Every structure is written in structure tokens, then in C-alpha cells.
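Engineer: Please read through the structure below; I'll follow up with questions.
The values are calculated or read from the model by the stated rules, or taken from the named source; none is laboratory data. Predicted, not measured: the structure shown is a model, and the values here were computed from it. For neighbour counting, all protein chains shown are included, and Cβ atoms are generated from backbone atoms with ideal geometry for every residue, glycine included. What goes into the accessible areas is simple: the full protein's heavy atoms, side chains included, and nothing from ligands, DNA or RNA. Shrake-Rupley method; radii C 1.70, N 1.55, O 1.52, S 1.80 Å.
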Amino acid sequence: MIPLSWYLILSGLLFLIGLLAVLIRRNAIGILMGVELILNAANINLLAFWRYLYGYNGDLRGQVFVIVIFVVAAAEAAVGLAMIISAYRRKNTIVANDIDLLKG
Amino acid sequence: MSAQQFFFIVTAFVILFSAMMTVLSHKMMHSALWFVLALLGVAVIYALLEASFFAVVQVLVYVGAIAILIIFSVMLTRKAMEDTGSPVNKTWVLSLVIVLLTTVGGFLAFRTWGALKAFPADLLPVHYDIGELGLALVDPERFALPFEVTSILLLAALVGAIYIAFGRKEDNQ
């Protein structure tokens with residue numbers, strides 16, 4: 001049997017790697033991939049707690065949370081990539097530091 | 001160590017290694033492919049948690065849709081990336097310090113969290129029924145409201161994404 005703490009450690013480490021990607025990548029698509037890793041870490045946590053707390057009695061709250069996070073992740077990826085493509089058309093770069101279209 | 005535990009450890013190492021390669025790869029395309037491998041590993045973890053529906057949805061949504069979107073945008077913006085030297089920005093030392101501090105803080109919080117011992121060591125057999133989940137999502141007494149709000153969010157996000165990515169006339173010249 002796998003202890004709950006293993007899942008928590010895995011999702012914690014995955015979150016930290018995602019955080020590292022968000023903070024250090026120069027490429028905007030790399031930052032977006034870091035955000036997706038963070039959302040996946042949250043999903044592992046939610047499903048692990050669902051399995052260990054409510055997995056036997058048919059309580060669905062944890063699963064509904066996971067579904068909502070899936071949808072939010074898909075929406076976030078679509079909007080983020082559209083913005084990256086749009087910024088690339090105008091500035092011809094996707095380095096996050098050089099995208100300063102909103103600067104007055 | 002049971003077979004399940006061995007399988008978990010192997011999967012965890014694959015996930016963490018490919019996530020690390022996602023961060024460190026110089027070429028964006030390699031980074032995207034390592035990212036896909038990490039997402040597949042997460043699907044295996046869902047299967048280990050006996051949430052078969054979410055394992056399938058993970059493969060469909062992440063590996064099928066989001067990974068394709070990311071690979072497409074990598075290919076569409078290819079010219080801009082070949083000139084960049086380092087994949088990391090100038091403040092990477094500060095970022096590393098922040099991540100290390102978060103690691104230490106999280107580890108200390110995890111060590112002192114007493115409630116972890118209250119969780120059962122032996123799991124009861126899972127009660128898993130897709131039909132029940134589907135009915136609960138459209139039942140006004142249960143999760144119909146969050147479900148509808150989520151679908152409106154998805155609709156608005158997709159309309160916005162199409163509008164943003166659509167080329168304007170003055171850009172085409």
C-alpha cells in the first residue's frame with residue numbers, strides 16, 4: 001500500500017519544479033508549461049486526498065474539484081498561447097522580458 | 001516493498017526527471033516533449049489512485065489537446081527562439097533562492113503536520129461510479145452551479161483566445 005505522504009511529497013516536488021520553470025524561463029511558452037506543471041501537482045494532491053478520505057463512500061467533492069481544475073487549465077493554456085502568438089506577431093519575440101506592449 | 005510501491009517510485013522518478021528536463025532543456029521543442037512525458041506520468045499516478053476516469057481525461061485533455069497546442073505554438077514561434085542563448089533569465093539566482101526557501105518551508109510544515117498520522121494505512125476498497133459523477137454534475141441540488149460556471153468560463157476563454165489570436169487587418173500588410 002502506498003502511504004498518502006508519498007503522493008504529497010511527489011506533488012510538492014512537482015509544484016517546486018513548476019515554480020522554478022515559471023521563475024527562470026525566458027521563453028513565455030516555458031512559463032506556461034511551468035503553470036501547467038503546478039496545476040498538475042494540485043490535481044495529484046486533490047485526487048490523493050479524495051482517495052484517502054472519501055474514496056470508499058462515494059463522496060464526489062474531490063472529483064468535481066479536479067474536473068474544474070482540468071477545465072481551468074485548458075482555458076488558461078488556450079488564452080495564454082493566443083496571447084503569446086499575438087505578441088509574437090507584433091514584437092517578433094516571445095522572450096517574456098521583451099514583451100512590453102502595455103508599457104506606456 | 002509491494003509491486004504497487006515499486007511502480008509508484010519508478011513513475012515518480014520519471015515525472016520528476018522529465019519535469020526537470022522541461023525546465024532545463026535549451027531547445028523549446030525538447031522541453032515540450034519532456035513536458036508531455038511528465039503529463040503521461042501524472043496519468044499513471046491517477047490510475048494508481050484508482051481514478052480511472054481522470055487518468056483517461058488526463059491523456060485526452062493534456063496529452064491530446066494542451067500538448068498539441070504547446071507544440072504548435074513552439075513551431076509557430078520558432079524563428080524567435082533560435083537567437084536566444086540561455087534558456088534562463090538574468091535573475092535566476094534569486095529565483096533559485098526563492099524556490100529553495102519554499103522547499104525548506106514546505107518540508108518543515110510537512111514534518112510538523114500531525115494530522116498526517118490520522119490517515120488510514122490500509123485503504124478501504126474504492127467506490128467509483130462514473131454514472132454517479134455524471135448525474136451529480138447536472139443535479140441542481142449538488143454540483144450543477146459549479147459545472148455551469150465552469151462551462152461559461154471555458155466558453156468565454158475560448159472566444160477570447162480566438163479574438164486575441166485573430167490577426168487584425170493592419171498587421172497583415
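Engineer: Number of Lys pairs in the protein assembly as shown with C-alpha atoms less than 22 angstrom apart, excluding same-chain neighbours closer than eight positions?
Structural biologist: Summing the qualifying lysine pairs gives 9.
Engineer: Checking the a/c ratio against 1.5 first, then a/b against b/c, what shape does the Cα gyration tensor give for the range A:26-96?
Structural biologist: The shape class here is prolate.
Engineer: In the protein assembly as shown, carbon and sulfur make up what percent of the accessible area (probe 1.4 Å)?
Structural biologist: Whole-percent figure for carbon plus sulfur exposure: 72.
Engineer: Moving to a separate point now. How well do other chains shield peptide B:69-78, expressed as the mean number of their Cβ atoms within 10 Å of each residue Cβ?
Structural biologist: Mean shielding count: 6.
Engineer: What's the local net charge at residue A:30, with K and R +1, D and E -1, over the other residues with C-beta under 12 Å away?
Structural biologist: Local charge sum for residue A:30: +2.
Engineer: OK, next. Find, among the chymotrypsin sites (Phe, Trp or Tyr not before Pro) in the range B:1-78, those assigned to loop by DSSP (not H, G, I, E, B) with at most 15 other beta-carbon atoms within 10 angstrom.
Structural biologist: Answer in residue order: no site qualifies.
Engineer: Which FRET efficiency, nearest 0.05, do residue B:89 and residue A:90 yield, Cβ-Cβ r, R0 25 Å?
Structural biologist: It comes out at approximately 0.75.
Engineer: For the interface of chains A and B, what total accessible area is buried with a 1.4 Å probe, rounded to the nearest 100 Å²?
Structural biologist: 7200 Å²
Engineer: Relative contact order (percent) for chain B, with alpha-carbon contacts under 8 angstrom and 6 or more residues of separation?
Structural biologist: About 14 percent, as a whole number.
Engineer: Enumerate by residue number the trypsin sites (Lys or Arg not before Pro) in the range A:18-104 meeting two conditions: DSSP loop (anything except H, G, I, E, B), and at most 10 other Cβ atoms within 10 Å of the site's Cβ.
Structural biologist: Sparse-neighbourhood loop trypsin sites (Lys or Arg not before Pro): A:103.
Engineer: Further question on the same structure: What does the average come to when, for each residue of peptide B:109-118, you count the partner chain Cβ atoms lying within 10 Å of its Cβ?
Structural biologist: 1
Engineer: Right, another one. Just to confirm the number: angle between the C-alpha axis of helix A:28-49 and the first principal axis of chain A, 0 to 90 degrees, nearest 10?
Structural biologist: 10 degrees
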